[in-house]
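Scroll down for the structure; my scribbles are underneath it.
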Amino acid sequence: MAFGGTLWMLILYMIIFIHFLLFARGVYYHFTRTHIPPGITHGRKLLFYSFAMGYFLELGVFLEKLGICHRYFILRTVYDAIPTRKDSKLIRKDLVFDGVPVRVYWPKTSPAGNRRGIIFLHGGAGLIGSIQASEKVCCSFVHESDSVVVSVGFRLAPEHPYPVPVLDCLTATIHFLKNAKEYGVDPNCIAIVGESSGGTFAAAVCQELVTRRDLPRLQAQVLINPFLQTGDFDLPSYQQNQSVPPLFRKRTIKFGVRHLTGKDMNVDTVIKGAHVPPDLREKYRKWISADNIAEEFKARGYVPHAPALFSEELYEQVKRGGETMFAPLVAEDDIIRQLPETFIQTSEYDVLRDDGLLYKKRLEDNGVPVTYHHLSDACHATIAYLGWGPLEFPSSKKSLQDVVQFLKGLYK
């Protein structure tokens, strides 16, 4: 008994010591490497969220090295544990669309006819996030837009790397388009809405469906802070916001590589552009270039850098990241010009800001109507904090309101 008690005490002390080291590392990292721009409203909240996210990621890395779980398991568990209240004004059902789990939300009020539909794809770099974690956002869309909302529970990397997550989104979207009337939805009044990597998937799904003549056409795509290209990680927004949480530049690319390959790797040379062959760099220059970014978005400083020497070995490791399903910005013009009316929202203090700006230009150059909104005081994923009460950002509601206003304008 005495030996057993001593052993448990040692284990307890070890756990406390490990947590202390992780906490100390988090404090050091966030005070030496994290930048909270003064232009962000409620920057202290962002610092708190950044510290918490970094802590759980570090704990996940530690457990991954011990062979207990992969590094994103802890963060997924934390997000799914965030409490949500049952909404008495909504009907909610968990269903399966051709093998893909979804959660469908309906307003309880009776409509005059079929409602508009929203397919919602959550963010999380294809590594974290879930139906449960995006519950509050989806409920807000139902209430504010009087729509039927389908939240898609696509599979996640690293267990299911690219292209599995986006193919799940495509499968669920096709099912909903074919069977919309069964859910009280007008099949010609369906928009696909994606946030962060969900925006990537939404853009990719739209591109995949433009040639399908056997399905109703998506009415619109709504891209909120989307990741859209892998050709240049040194654009102005990547430089300006490389140390702004929650999506640091290096973290963004590490997330992307893990989603793409299912593996972790050193991304320093990817940041410098060594993964892009010279011929592709030349081909995409007209689409992916700081020259296409308005000067107002370079005001916080931008220094052009020559890309690193091309590495054939690195290219072979990540070359699928240049596919249009992973990087929709590089789709050909004959696909781009067929896309539906588009809403794009960017945030000033987000490394992905310029992806949205570049896609806006591509769409407009090809005659696609674009509604653009920019959140000047926000960081990445601000809408994800919607419904968190005192922990919500002012820009969270603004993000929602901009999208809802666009959706309502479609169906007058």
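Taken together, the values in this text are just the output of simple stated rules run on the coordinates, not laboratory data. As the structure is a prediction and not an experimental result, all values here were calculated from the model. Quick reminder, even Gly has a Cβ in these numbers, built from the backbone with ideal geometry, and neighbours come from all protein chains shown.
Extension gain, Asp264 to Leu391, is 42.5 nm, computed as 0.36 nm per intervening residue step minus the present C-alpha separation. Phi angles of region 214-227 translate, via the Karplus equation with coefficients 6.51, -1.76, 1.60 and θ = phi - 60°, into HN-Hα couplings of 8, 10, x, 7, 4, 6, 6, 10, 10, 10, 9, 6, x, 8 Hz per residue; Gly and Pro are given as x. With a ≥ b ≥ c taken as the square roots of the eigenvalues of the C-alpha gyration tensor of region 236-322, please select rounded if a/c is under 1.5 and otherwise prolate if a/b is larger than b/c or oblate if it is not? Oblate is the answer for region 236-322, as a/c is 1.5 or above yet b/c matches or exceeds a/b. Couplings for region 125-140, taken from phi via the Karplus curve 6.51 cos²θ - 1.76 cosθ + 1.60 with θ = phi - 60°, read 6, x, 10, 10, x, 6, 4, 5, 5, 9, 4, 5, 5, 5, 4, 5 Hz in order; Gly and Pro are left as x.
The modelled label-to-label distance for the pair Arg337/Phe62, using points 7 Å beyond Cα in the direction of Cβ, is 5.7 nm.
Cross-link partners of Lys250 among aspartates and glutamates, defined as those whose alpha carbon lies under 12 angstrom from its own and excluding same-chain residues fewer than eight positions apart: Asp234, Asp268.
For a test of the definition: using alpha carbon positions, the gyration tensor, and the 1.5 limit on a/c, classify the chain as rounded, prolate or oblate. Walk me through the numbers before you get to the answer.
Values: a/c = 1.60, a/b = 1.16, b/c = 1.37.
Oblate, since a/c reaches 1.5 and b/c is not below a/b.
May I ask you to list the residues of region 199-240 whose amide nitrogen lies under 13 Å from a point 7 Å from Cα along the Cα→beta-carbon direction of Lys178? Of the residues in region 199-240, 214-216 have backbone N under 13 Å from the label point off Lys178. Straight-distance candidates among the lysines for linking to Lys361, with alpha-carbon spacing under 23 Å and chain neighbours fewer than 8 residues away dropped: Lys283, Lys286, Lys298. Backbone geometry of region 332-349 corresponds, through the Karplus equation with coefficients 6.51, -1.76 and 1.60 at θ = phi - 60°, to 3J(HN,Hα) couplings of 6, 4, 5, 7, 4, 5, 9, 6, x, 3, 10, 10, 10, 10, 10, 10, 4, 9 Hz, x marking Gly and Pro. Close amide H partners of Asp377, meaning residues 5 or more places away or on another chain with modelled amide H under 5 Å apart, are Glu348. Look at the Cα gyration tensor of region 364-410: its axes a ≥ b ≥ c give a/c of at least 1.5 with a/b over b/c, and that counts as prolate. Remark on Val102: its backbone amide H falls under 5 Å from those of Leu95, Val96, Phe97, Gly153, a criterion applied only to residues 5 or more positions apart or on other chains, H modelled at 1.01 Å from N.
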